[in-house]
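Below is one structure, written out as structure tokens, with a few remarks after it.
Please treat every number below as a calculation from the coordinates, not as lab data. Quick caveat: nothing in here was measured; it's all calculated off a predicted structure. Reconstructed Cβ throughout: ideal geometry from the backbone, glycine too, with neighbour counts over all protein chains shown.
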Amino acid sequence: MAFIKIPPGWAMPERQATPESVYLSRRDVLKKLGFSALGIAGLCGAYRQLSGPHASAFAGPQELDSFIPKSPNSGLYPAKRNPVFKLDRPITNEFIAAKYNNFYEFSLKKNVWQHISQFQTRPWSIEIKGEVEKPQTWGIDDLVRKMPLEERLYRHRCVEAWSMAVPWTGFPLKALLEQAMPKSSAKYVRFVTFLNPSVAVEQKKAHWYPWPYFEALTIPEALNELTFVATGIYGHEMTKQHGAPVRIVVPWKYGYKSIKSIVKIELTRKQPATFWNQLQPQEYGFVSNVDPDIPHPRWSQAKETLIDTGEKRPTLKYNGYGEYVARLYS
Ligand SMILES: Nc1nc2c(c(=O)[nH]1)N[C@H]1C(S)=C(S)[C@@H](COP(=O)(O)O)O[C@H]1N2
Ligand SMILES: [Mo]
């Protein structure tokens, strides 16, 4: 298998940017959105409708707990933050990120959080197979205990032109693939989400989609140091709506490449089909790198809206991760 040279993290331009080390509190967000001190007092415990890209309602810490699956590994979070990965913007408010999701298995709208209460993420296993010397299956909790967890701050850019910036906890995909010993014949990595239509109701209702959700990367993309297997978010275990118990995070590509709640990883010789590319190839490619200069056929990609503050920002080529990945595409 081709092991590739990885440029040092300090080569990243965001390194100069102001670090944001604390998560915005609900109060800070309310302030940013223009609510007065009086308004904040009046809002205590209440839900507030927001327009535009904002979450339909704020979650509170207690409600958030209901989104976090019970597991024997909760003591491993928060993991130590890897200081290499800096942001050029504040971390997105956690409570808003919990109520503004794409997870089509549960809802075709952003209100995924209202459809996940029956979703069980234990027991859960992940299988690795295909072009590897050591195909194997791990139980999620054995896997998490085995891998060295770290926290990373990444930007996330959805193809729909909204974005967030969140602390993920997990480990590089490369470390996981190495356990299975890829053969030199492996050229691609395919990922598959669970299938359980009785719980994930859109897997039954939205019958025109080819469930279960599937995605793929090339081997050099999969081995890039940015490509992350996330088992946690915001310093605790992964919430159901963000893809519990384990998802992939590919921060220089549009969000649909970052597949949630995976059960299978398969190394292949040929380029695998991917969910959105198979459905609408004229709108969604296999590669799907974030690029402000290539408009979606139905909208511009030049700007993006931050989901908590509503701020608009220019979109960065490779979502700002060109130092790590541009050479993969030259
Ligand atoms: N299994 C699965 N994974 C998925 C999706 C999905 O519908 N199903 N949506 C994708 C899209 S379009 C985006 S933008 C991100 C959203 O991640 P978030 O809800 O954690 O912000 O998940 C991606 N992973
Ligand atoms: Mo997305």
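Which whole-number percent gives the relative contact order of region 167-308, counting Cα pairs below 8 Å spaced six or more residues apart?
So the answer I get is 27 percent.
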Exercise for the section: Mind checking the full-extension length gain between residue 74 and residue 283? Use 0.36 nm per residue of separation minus the Cα-Cα distance, one decimal, nm. Expected result: 71.3 nm
Fill in the blank from the handout: A chain fully extended from residue 108 to residue 81 at 0.36 nm per residue, minus the present Cα-Cα distance, gains in nm 6.4 nm
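Taking neighbour Cβ counts within 10 Å as the exposure measure, how do 275, 194 sort from fewest upward?
Lowest to highest Cβ neighbour count: 194, 275.
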Practice task
Let me have the relative contact order for region 20-329, percent, based on Cα pairs under 8 Å that are six or more residues apart.
Solution key: 21 percent
Handout entry: Between region 121-200 and region 68-117, the Cα center-to-center distance that results, in Å
Key = 16 Å
Completion exercise
Violations at 32 Å Cα threshold for listed pairs 187/317; 70/270; 99/317 -> 70/270
Practice task
Please tell me which of these pairs span more than 23 angstrom C-alpha to C-alpha: 86/312; 80/183; 109/205; 110/303?
Solution key: 80/183
Exercise for the section: With all distinct Cα pairs included, what does the Kirkwood hydrodynamic radius of region 20-329 come out to in Å, to one decimal, could you say? Expected result: 19.9 Å
Fill in the blank from the handout: Among region 215-245, those whose backbone N falls under 17 Å of a label point 7 Å along Cα→Cβ from residue 63 are 239-242
Handout entry: Ranked by how many other beta carbons lie within 10 Å on average, peptides 229-237, 307-315 from highest
Key = 229-237, 307-315
Handout entry: Ranked by how many other beta carbons lie within 10 Å on average, peptides 124-136, 153-165 from highest
Key = 153-165, 124-136
